[in-house]
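Q: Below: one structure in structure tokens.
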Amino acid sequence: MNNTYFFMRHGQSTANVRKIIVSFPENGIAHFGLSTLGKKQVISSISKNKDLDKDTIIYASDFKRAKETAEIVHNHINANNPIVFSKNLRERNFNQLEKTNYSSYFFKVWEFDLLGRSFKDIESVYSIADRFKELIIDLDKKYSRKKILLVSHGDVISVGLTVFNKKDPKYHHKLFFMLENAEIIKVK
């Protein structure tokens, strides 16, 4: 890898408050942004971070909760570059679980992930890993020796961490439990 990467999970969203899964672009891009607490979490997290600066390049999911998180970070560090929104960082597609209680993935989806199988028609961890690898390959072709912040969602980040650590993505939840809302982790 040619760059130093940071993952940041979005701040608490209104979907988190309602305890529902929002994974469809038609729901997540225009709706379910950050809660008041979510905005405070992002400010607190970026205020404590000493690694990110104005030269940091920010890529984010285009879902409202990630977009608002990236915008807060961008403004706080007075970033020189515009935010780039990438479909490769979008929330995992949970299909029939859309707008259901998020406990569904704790007890169903992650169990199937460990078996290396997909639960019904939910996006597999291997699909997430493929789109994540595609993004990193593109970024490493485009940039060299840059700090790149990737603002995304829990499962996408934990699968991304398996990719960086050369582990099987089916173990994403066991190896890299979801980051807290607005948490930033340096991966290289």
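Q: Could you work out [θ]222 nm for the chain from helices alone, using -39500 (n - 2.57) per DSSP H run of at least four and dividing by all its residues? Round to the nearest 500 deg cm²/dmol. List each step's numbers first, then the result.
A: Working: 8 runs with 74 residues, N = 188.
That comes out to -11000 deg cm²/dmol.
Q: Now, a different point. Whole Å is fine, so just give me how far the alpha carbon centre of region 88-115 lies from that of region 120-188.
A: One Cα centre to the other: 16 Å.
Q: Which semi-axes, in whole Å and largest first, does the equivalent ellipsoid of region 78-144 have when worked out from the alpha carbon gyration tensor as the square roots of 5 times its eigenvalues?
A: Values: eigenvalues 174, 47, 16 Å².
Largest first, region 78-144 gives 29, 15, 9 Å.
Q: Write out the trypsin sites (Lys or Arg not before Pro) in region 1-66 meeting two conditions: DSSP loop, and at most 14 other Cβ atoms within 10 Å of their Cβ.
A: Those that pass, being in a loop and sparsely packed, are LYS19, LYS50, LYS54.
Q: Let me ask something else. Between the DSSP loop rule and a limit of at most 14 other Cβ atoms within 10 Å, which chymotrypsin sites (Phe, Trp or Tyr not before Pro) in region 73-157 are left?
A: Details: sites: PHE85, PHE94, TYR102, TYR105, PHE106, PHE107, TRP110, PHE112, PHE119, TYR126, PHE132, TYR143; in loops: PHE94, TYR102, PHE119, TYR143.
Here the chymotrypsin sites (Phe, Trp or Tyr not before Pro) that fit, given the DSSP loop and packing criteria, are TYR143.
Q: With a cut-off of 17 Å, note down the residues of region 1-36 whose backbone N falls inside the zone around a label point 7 Å from the Cα of ASP55 toward its beta carbon.
A: 2-6
Q: Also, quick follow-up: Longer than 22 Å from Cα to Cα, which of LYS54/LYS87; LYS39/LYS167; LYS87/LYS147; LYS48/LYS147 are they? Say none if no pair is.
A: Numbers: LYS54/LYS87 24 Å; LYS39/LYS167 33 Å; LYS87/LYS147 20 Å; LYS48/LYS147 17 Å.
Flagged as over cut-off: LYS54/LYS87; LYS39/LYS167.
Q: Related question: Under unit Cβ charges (Lys, Arg +1; Asp, Glu -1), what dipole magnitude, rounded to 20 debye, does the chain have relative to its Cα centre? Numbers along the way, then the final one.
A: Details: 31 positive and 21 negative charges, 67 e Å.
I would put it at about 320 debye.
Q: Report the normalised scattering of the chain as log10 I(q)/I(0) at q = 0.12, 0.17 Å⁻¹, calculated by the Debye formula with identical scatterers on the alpha carbons.
A: Per q value, in the given order, log10 I(q)/I(0) is -0.52, -1.08.
Q: Can you list residues whose amide H is under 5 Å from HIS31's amide H, if they're 5+ apart or on another chain and H is modeled 1.01 Å from N?
A: Amide H neighbours of HIS31: LYS64.
Q: Two-decimal Rg/Rh of region 1-112 from alpha-carbon positions, Kirkwood Rh?
A: 1.00
Here, each number is a calculation from the coordinates, and none is a lab measurement. Note that this is a predicted model, so its numbers are computed, not measured. Cβ atoms come from the backbone with ideal geometry, glycine included; neighbour counts cover every protein chain shown.
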